[in-house]
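Here's the structure, in structure tokens; my notes come after.
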Amino acid sequence: MPKMWFARDGKRPETQSGSAIEISFAEAEIIASNGEIKFVGAEAPSINPDQPSESLKNVVIEVESEEGRHPSFLKTGFYLIAGVKPKVAESKLNEMRS
């Protein structure tokens, strides 16, 4: 299953907060529906490394090779969900799972 985690702006790996949450591709697509899915590479990304933030600002979805493919997540690696804040992503996930 894909994994979703939240990150601060800054250099990796200091940016990731907490452990990843396993989600389905369907959940990932709904979470990303109000944003833009950007493939950022095979390694966990540094996001705005020159302007670190104290608060969580970014939603990242990780897809591993054994998880298969999905039309929105074709490559193995990490995707930044631009335009979606962690609180919104968490709220959407909670709604879907309740």
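The values are calculated or read from the model by the stated rules, or taken from the named source; none is laboratory data. Bear in mind the structure is a predicted one, so any value in this text is a computation, not a measurement. Note that we place each Cβ from the backbone using ideal geometry, even for glycine, and neighbour counts take in every protein chain shown.
Things to note:
- With respect to the conditions (1) assigned to a helix (DSSP H, G or I); (2) over 14 Å from the mean Cα position of the chain (by Cα); (3) without any contact (Cβ under 8 Å) to a residue 24 or more places away in the chain, Met96 falls short on a single one, namely (3).
The rows are residues; the columns are (1) surrounded by 14 or more Cβ atoms within 10 Å (Cβ to Cβ); (2) within 10 Å of the chain's Cα centre (by Cα); (3) outside any loop (DSSP other than H, G, I, E, B); (4) free of Cβ contacts under 8 Å to residues at least 40 places away in the same chain.
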position: Trp5; (1), (2), (3), (4): yes, yes, yes, no
position: Ser33; (1), (2), (3), (4): no, no, yes, yes
position: Val40; (1), (2), (3), (4): yes, no, yes, no
position: Ser53; (1), (2), (3), (4): yes, no, no, no
position: Ile61; (1), (2), (3), (4): yes, yes, yes, no
position: Lys75; (1), (2), (3), (4): no, no, no, yes
position: Phe78; (1), (2), (3), (4): yes, yes, yes, yes
position: Val84; (1), (2), (3), (4): yes, yes, no, no
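For every residue, the table says whether it meets (1) modelled with pLDDT of 95 or more; (2) acidic (Asp, Glu); (3) closer than 18 Å to Asp9 by Cβ.
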residue: Ala28; (1), (2), (3): yes, no, no
residue: Asn34; (1), (2), (3): no, no, no
residue: Lys38; (1), (2), (3): yes, no, yes
residue: Asp50; (1), (2), (3): no, yes, yes
residue: Ser65; (1), (2), (3): no, no, no
residue: Lys75; (1), (2), (3): no, no, no
residue: Ile81; (1), (2), (3): yes, no, yes
residue: Arg97; (1), (2), (3): no, no, no
